[in-house]
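Take a look at the structure below.
The values are calculated or read from the model by the stated rules, or taken from the named source; none is laboratory data. This one's a predicted model, so the numbers in the text were calculated from it and none came from an experiment. Counting neighbours? That spans all protein chains shown, and the Cβs are built from the backbone with ideal geometry, glycine included.
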Amino acid sequence: MTAIDPTAHLTAEQIEELGRELDAIRDEVIADRGEKDAAYIRKVISAQRTLELASRGVLLFSIFPPAWVLGTAGLSVAKIMDNMEIGHNILHGQWDWMRDPKIHSTTWEWDHVSPAEQWKHSHNELHHTYTNVIGKDNDLGYGIMRVDEDQKWHPFHLGQPLWNFLNACFFEYGIAAYDLELGKNLHKRRRKNPEFRARAKAVGRKIRKQVLKDYVIHPLLSGPSFLPTLAATFTANLVRNIWTHSVIMCGHFPEGVQVFERRSIKGETRGQWYLRQMMGSANISGSKAMHFMTGNLSHQIEHHLFPDLPSNRYAEVAVKVRALFEKYELEYVTGPLPKQVFSAWHKVVRLSLPNKKPAVKTPDREQELVAA
Amino acid sequence: MTSTALRSRAWKLLEMVTTPLLPSDYLDLVSPLRAGADLRGRIEAVHPETGDAATIVIRPGRGWRGHTAGQYVRIGVDVDGVRLWRAYSLTSPTSRQDGRVTITVKAIPDGKVSNHLVRRAKPGTLIQLDQPTGDFVLPQAKPAKVLYLTAGSGITPVMGMLRDTEFDDVVMVHCAPQPQDVIFRNELHDLVADKKLRLTEVHTDTDGILDIARLDELVPDWAERETWACGPAGLLDAAEEHWAEHGVQERLHTERFRPSIVVTGDGGEVTFSATGKTVDADGATPLLDIGEEAGVLMPSGCRMGICFGCVTPLKAGAVRDLRTGEITEAEPGVLIQTCVSAAAGPCDIER
Ligand code: FES
């Protein structure tokens, strides 16, 4: 799609060989997966629960400013852990191999307004299968933004920096709406569809429970600290939303990441699928703590290649994957968080304006973009 | 309002506080063995019995309802991070005062769980437990004469009985390859010395496999005895035939540990419709394994066809019972045991 195809120098055989090498990396981790990994996720889960409980406890006294600050910070971190390293990864089935019904993708529910079931469909199935395919992968711009020069500009896009900012603040609601395919389903006829109504109801129930917990029950329990606790939980949700939004933007939006045409994935081989994941994702570099707080989505490239490998193994896998990028002369898009966030935002702002040179339009492309 | 209603209200409120988790998820952090928790146990000690067998001392959670001598318990153990369930006979007497129970495990070649328990299990480890079950138990009314016929680890449920209830006249015939392979040997010989037991050891490495006809010579009055037999399928098949031939089959009680696999079928494409997964299955692999390999959360227990912890509706197609070769076809309400069933053609499992 982009003017120059960065994979043009690879032959079909090379691409298949690359696929085999990646399969070998995967097999190695699977053969070695075991007790240590299980201990890791259990430790993270109990640390998260302890932190959340302690922070909520401190917030009972949030009328005192130091308690407010401490409790809010703790709750923000706990919510980020629940979302990223725990929820996202368990719902990917990364820990299903343990056969523990309490840590299984079919039973896990997270502190998020999108019900796990719906998120798994839109994220695991649609986004991970059709990564960065325009018109198929709605994560590309979430259906409200223009993220590639080839997409047609519309005056609506002028507002996209604002939409993106609002989306960041209320990200969990954005995701819930997105999982519901709200835009598409709000048409009169679709609204009545019983399947859509059932899903919308499930979201409503989840929202009610979450809101009740964060904005009614816990503030009430705090008694005289009602308002400070309310403010604290609101802040923690805001911090979590902005953080996850930033991390996720860094996964596919920074400059250098490729997008693909719908036609290009017809009859895609395993090697080509891998290649698309490699070219369609970007990493964040940083410390161990950074990787942990992003739920190891800082290893987005590795995650997209092997979405069901336990997250704690991505770091070691990354070394081998990066060597393959070098071997096959491909660009491994990575950088520190501020740089990647800036890069992604820069793109959002740039594409909110029409292209300097209009894109070449073919009737076929038009159609795809309407579908997008 | 009654106190139960009050309590359930309070619990509802607590659930609102902890949503989307449950209050028990937090309580488990501090008190996994409390009343009301999912039943678990803590391994408190591991005592070696022979070169390849060990007794595991377990403190069960508060919800444990107690057992009857001869029963087994299913336990879920994490081996290399993977939770595996197996059934083991309880070997402790029901009168044990300290609230602990024991199982005695013999490591079988390539047995993941048994080797783990015998060689690697550490005191302090939490395991998952089920309530004890099984009807290989002693009757209410004491029989005058008892025969225990056992081989290998088949001695474990019988040891539970021996330790639990004293009879006036007890004979045991036990088979093991060599003297040092006899589990509980010292304790058995103590019982013999106290005249509480008459024991015949058959050492199969030197004596050969027990010929059931030899019972006439080893225990001349075997036909008058209430008999409990446990061991490999060959021994139990021979015993059942022998007792039936003499018209005393109602005096024989047997317990089988593993299904003997008779027929293998053709396999087929298996759909796990609730999860939306479809995989190819051969005709020899239990559907339980097929499902687990495919990442479907399959309920399971003993994995050998005795606990019905794995029953699942068969929505379409046919499966073959790996023990008998029997074919089961889908019909409304038909449940299959996934641990002993394999695909006999394409089928749809509701998981
Ligand atoms: S797991 Fe026990 S009967 Fe299948």
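Check B:L117, B:L129 and return the single one that is more than 14 Å from chain A (Cβ to nearest Cβ) and either among the basic types (K, R) or touching a Gly at 6+ places or on another chain (Cβ under 7 Å) (or both). After ruling out the rest, the residue left standing is B:L129. From the list A:G159, A:G204, A:G183, exactly one residue is without any contact (Cβ under 8 Å) to a residue 60 or more places away in the chain, within 30 Å of A:P254 (Cα to Cα), of a type outside the set (S, T, Y) and away from chain B (no Cβ under 14 Å). Which is it? The conditions single out A:G183. Any residue at all in the stretch A:39-50 that is part of a helix (DSSP H, G or I), touching a Gly at 6+ places or on another chain (Cβ under 6 Å) and aliphatic (A, V, I, L, M)? No, there is no match, as no residue in the stretch A:39-50 is part of a helix (DSSP H, G or I), touching a Gly at 6+ places or on another chain (Cβ under 6 Å) and aliphatic (A, V, I, L, M).
The residues of the stretch A:113-141 that are polar (S, T, N, Q) and within 15 Å of A:V257 (Cα to Cα), listed by number, are A:T131, A:N132. Within the stretch B:79-94, restricting attention to residues that are within 16 Å of the ligand (Cβ to nearest atom) and closer than 13 Å to B:M159 by Cβ, the residue that is farthest from the other protein chains (Cβ to nearest Cβ) is B:S89. Residues considered: A:G93, A:G71, A:G135. Of these, the only one that is assigned to a loop (DSSP other than H, G, I, E, B) and more than 14 Å from chain B (Cβ to nearest Cβ) is A:G135. Could you please let me know if B:L117 is within 17 Å of the chain's Cα centre (by Cα), modelled with pLDDT of 95 or more and within 16 Å of the ligand (Cβ to nearest atom)? No.
Annotation note: Cβ proximity below 7 Å between a residue of the stretch B:332-351 that is in contact (Cβ under 8 Å) with a residue 24 or more places away in the chain and on the phi > 0 side of the Ramachandran plot and a residue that is of a type in the set (D, E) and more than 16 Å from the ligand (Cβ to nearest atom) (sequence gap 6+ or interchain) occurs for B:G345/B:D266.
The number of residues in the stretch B:326-351 that are in a strand (DSSP E or B), within 16 Å of the ligand (Cβ to nearest atom) and surrounded by fewer than 18 Cβ atoms within 10 Å (Cβ to Cβ) comes to 1. Inside the stretch A:7-20, can you point out the residues that are touching a residue at least 12 places away in the same chain (Cβ under 8 Å), among the polar types (S, T, N, Q) and assigned to a loop (DSSP other than H, G, I, E, B)? Scanning the stretch A:7-20 gives a single hit, A:T7.
The criterion of being away from the ligand (no atom under 16 Å from the Cβ), within 30 Å of B:T312 (Cα to Cα), hydroxyl-bearing (S, T, Y) and away from every other protein chain (no Cβ under 14 Å) does not hold for B:T200. Inspect the stretch A:173-191 for any residue being hydrophobic (A, V, I, L, M, F, W, C) and more than 30 Å from A:R350 (Cα to Cα) and give the result as yes or no. No, the stretch A:173-191 contains no residue that is hydrophobic (A, V, I, L, M, F, W, C) and more than 30 Å from A:R350 (Cα to Cα). If we scan the stretch A:361-371, do we find a residue that is at negative phi, out of contact with any helix residue (DSSP H, G or I) (no Cβ under 6 Å at 6 or more places or on another chain) and modelled with pLDDT of 95 or more? There is no residue in the stretch A:361-371 that is at negative phi, out of contact with any helix residue (DSSP H, G or I) (no Cβ under 6 Å at 6 or more places or on another chain) and modelled with pLDDT of 95 or more.
A:G223 falls short on exactly one of the conditions (1) within 21 Å of A:K120 (Cβ to Cβ); (2) surrounded by fewer than 16 Cβ atoms within 10 Å (Cβ to Cβ), and that condition is (1).
Of all the residues that make up the stretch B:223-249, how many are over 27 Å from the mean Cα position of the chain (by Cα) and either under 20 Å from B:P157 (Cα atoms) or modelled with pLDDT under 95 (or both)? Counting residues in the stretch B:223-249 that are over 27 Å from the mean Cα position of the chain (by Cα) and either under 20 Å from B:P157 (Cα atoms) or modelled with pLDDT under 95 (or both) gives 0. Looking only at the stretch B:11-46, which residues are away from chain A (no Cβ under 13 Å) and over 31 Å from the mean Cα position of the chain (by Cα)? B:W11, the sole residue that qualifies. Close Cβ contacts (under 8 Å, 6 or more residues apart or on different chains) running from residues in the stretch A:21-37 that are within 11 Å of another protein chain (Cβ to nearest Cβ) to residues that are assigned to a helix (DSSP H, G or I) and modelled with pLDDT of 95 or more comprise A:R33/A:R313; A:D37/A:N312; A:D37/A:R313. Determine whether A:L186 is surrounded by fewer than 20 Cβ atoms within 10 Å (Cβ to Cβ) and closer than 26 Å to A:V247 by Cβ. So A:L186 does not fit the description; no. The single condition from (1) farther than 19 Å from B:C230 by Cα; (2) part of a loop (DSSP other than H, G, I, E, B) that B:E44 fails is (2). Within the stretch A:53-62, the set of residues being within 9 Å of chain B (Cβ to nearest Cβ) and crowded, with 20+ Cβ neighbours inside 10 Å comprises just one member, A:R56. Which of the residues belonging to the stretch A:308-356 are of a type in the set (V, I, T) and either farther than 30 Å from A:L158 by Cα or without any contact (Cβ under 8 Å) to a residue 12 or more places away in the chain (or both)? A:V317, A:V319, A:V321, listed by residue number.
In the stretch B:185-202 there is no residue matching the filter, namely being in contact with a Cys (Cβ under 6 Å, 6 or more places away or on another chain), surrounded by 13 or more Cβ atoms within 10 Å (Cβ to Cβ) and polar (S, T, N, Q). When the stretch B:107-147 is filtered for residues that are in a loop (DSSP other than H, G, I, E, B) and basic (K, R), the ones remaining, listed by number, are B:K122, B:K142. Modelled with pLDDT of 90 or more, acidic (D, E) and buried (at least 18 other Cβ atoms within 10 Å of the Cβ) - does that describe any residue in the stretch A:83-95? Yes, there is a match, as at least one residue in the stretch A:83-95 is modelled with pLDDT of 90 or more, acidic (D, E) and buried (at least 18 other Cβ atoms within 10 Å of the Cβ).
For the stretch B:1-41, a residue qualifies if it is charged (D, E, K, R) and part of a strand (DSSP E or B), and exactly one does: B:R40. Restricting attention to the stretch B:307-317, the residues that are closer than 30 Å to B:G134 by Cβ and either more than 14 Å from the ligand (Cβ to nearest atom) or in a strand (DSSP E or B) (or both) add up to 4. Scanning the stretch B:280-306 for residues that are modelled with pLDDT under 90, within 12 Å of the ligand (Cβ to nearest atom) and surrounded by 17 or more Cβ atoms within 10 Å (Cβ to Cβ) yields B:S300, B:G301, B:C302, B:R303, B:M304, B:G305, B:I306.
Taking the stretch A:189-302 as the region of interest, the helices (runs of 4 or more DSSP H) fully inside it that hold 3 or more residues being out of contact with any Lys or Arg (no Cβ under 7 Å at 6 or more places or on another chain) and aliphatic (A, V, I, L, M) are A:194-212, A:226-252, A:270-279, A:288-293.
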